[in-house]
Protein chains: 2
Amino acid sequence: MNELEPEYLKSAGLKSTLPRLKVLDLFKNGQERHMSAEDVYQLLRDSGDNVGLATVYRVLTQFEQAGLLVRHNFEGGKSVFELNEGTHHDHIVCMQCGHVEEFYDSAIESRQKKIAAELGFTIHDHSLQIYGDCTKAKCPHRR
Amino acid sequence: MNELEPEYLKSAGLKSTLPRLKVLDLFKNGQERHMSAEDVYQLLRDSGDNVGLATVYRVLTQFEQAGLLVRHNFEGGKSVFELNEGTHHDHIVCMQCGHVEEFYDSAIESRQKKIAAELGFTIHDHSLQIYGDCTKAKCPHRR
DNA sequence: ATGCAAACGAGAATAATTATCATTCGCGCC
DNA sequence: GGCGCGAATGATAATTATTCTCGTTTGCAT
């Protein structure tokens, strides 16, 4: 059932190996959009694939550098990755259940550009997270 | 020469102890606005005050909870603290020299509130950092 | 099929932070 | 001005996230 996709790795200049294909498949066909290294490691282990934790870290970092994944540093000290689908967005994170929603606001984006320019910075990257409680929902997502 | 200020601690519900007074003094009268636990530890050590690293971590966390300091999680894996002067602001960080500038933009703030509301979140906190290079300056600040 | 560099897996090493616990300190009380 | 007690401290062990090391395996071109 594993829908492997070696072409992605080839085009990214990465050799097509089993661990890489499995990790990529997890992000493309798995249920969670946002996963930490530990999450990936456990999910692979659960599905019977024995990929070493060190390899997971290596692969995630390589994928980030290749532009296949994006890394986020949410509160809590661990890096979280998601598939890079070209469209930039920021995140709002529920502090109760850990659920993550994505949003994009062009007004915020353009203000950031203006501010950076005014302060004499060449913008490289930015990171915006809103932390709160998803009161509306009954927090159906677990951490 | 240490200008101690026990009243701050009292009013924050914290017992006035030597390590706490020294850390507070560093933030109020030191040259760096943004410091990690290790930074604080080293600076105290340099000025002849022997405060344990564990104590530094404890005091920083207590000060954060008491509202005296604000904690930031910039890229790089370590927490950075600054004096809480009531005025919220975000940060732009130079990736070359580590220099930090502060800014506040009411348009960004209000857009965030609106977005959180639309997504059904009670906003708790937020974190916005822009990462870039301070091209204008010749990067006079070192990390 | 063969070979070799690149990738892997297990476990050691590192970095930031937190927990443990015996000793010391701040401070109210007599 | 000393006493006592609980809170705070400091040294160090423990934890957590991540990276490094190194002997073994694998992808892939010949």
Inset, instruction - Diagonalise the Cα gyration tensor of segment A:6-83 and give the resulting equivalent ellipsoid semi-axes, square root of 5 times each eigenvalue, largest first, whole Å. - result: 18, 15, 11
Legend entry - B:Glu38/A:Tyr104 FRET efficiency (R0 41 Å; Cβ-Cβ; nearest 0.05): 0.70
Inset, instruction - Distance check, please: which entries in A:Lys10/A:Lys78; A:Lys78/B:Lys78; A:Lys113/B:Lys113 exceed 22 angstrom between their Cα atoms? - result: A:Lys10/A:Lys78
Legend entry - chain A - mean residue ellipticity at 222 nm from DSSP helices (-39,500 (n - 2.57) per run, n ≥ 4, rounded to 500): -11500 deg cm²/dmol
Inset, instruction - Provide an ascending nm list, one decimal, of label-point separations from B:Ile123 to the equivalent residue in each further copy; define each label point as 7 Å from Cα along Cα→Cβ. - result: 1.8
Inset, instruction - Would you please name the GluC sites (Glu not before Pro) within segment A:44-143 that are DSSP coil residues with at most 15 other C-beta atoms within 10 Å of their C-beta? - result: A:Glu75, A:Glu85
Legend entry - Relative contact order (%) - criterion: Cα under 8 Å, at least six apart; region: chain A: 18 percent
Legend entry - Rounded if a/c under 1.5, otherwise prolate or oblate - chain B, Cα gyration tensor axes: oblate
Legend entry - trypsin sites (Lys or Arg not before Pro) within segment A:40-123, DSSP loop, no more than 14 other Cβ atoms inside 10 Å: A:Lys78
Inset, instruction - Report A:Met95's accessible area, 1.4 Å probe, all protein chains in place, as a number in Å² to the nearest 10. - result: 90 Å²
Legend entry - A:Thr61 versus A:Cys97: modelled label distance in nm, points set 7 Å from Cα along the beta carbon direction: 3.5 nm
Legend entry - Rg over Rh, two decimals, segment B:90-132 (C-alpha only, Kirkwood Rh): 1.10
Inset, instruction - Between copies, how far apart are the A:Glu102 label points? List them in nm, one decimal, shortest first, with each point 7 Å from Cα toward Cβ, please? - result: 3.4
Inset, instruction - Would you be so kind as to identify which of A:Phe74, A:Gln112, A:Gly132 lies farthest towards the positive end of the dipole of chain A, taking Lys and Arg as +1 and Asp and Glu as -1 on Cβ and the Cα centre as origin? - result: A:Phe74
Legend entry - D (Stokes-Einstein, µm²/s), Kirkwood Cα radius, the protein assembly as shown, 0.692 mPa s at 37 °C: 153 µm²/s
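The values are calculated or read from the model by the stated rules, or taken from the named source; none is laboratory data. Model, not experiment: these values are computed from the prediction. We place every Cβ from the backbone using ideal geometry, glycine too, and count neighbours over all the protein chains shown. Note: areas computed on protein heavy atoms with side chains; ligands, DNA, RNA excluded. Shrake-Rupley method; radii C 1.70, N 1.55, O 1.52, S 1.80 Å.
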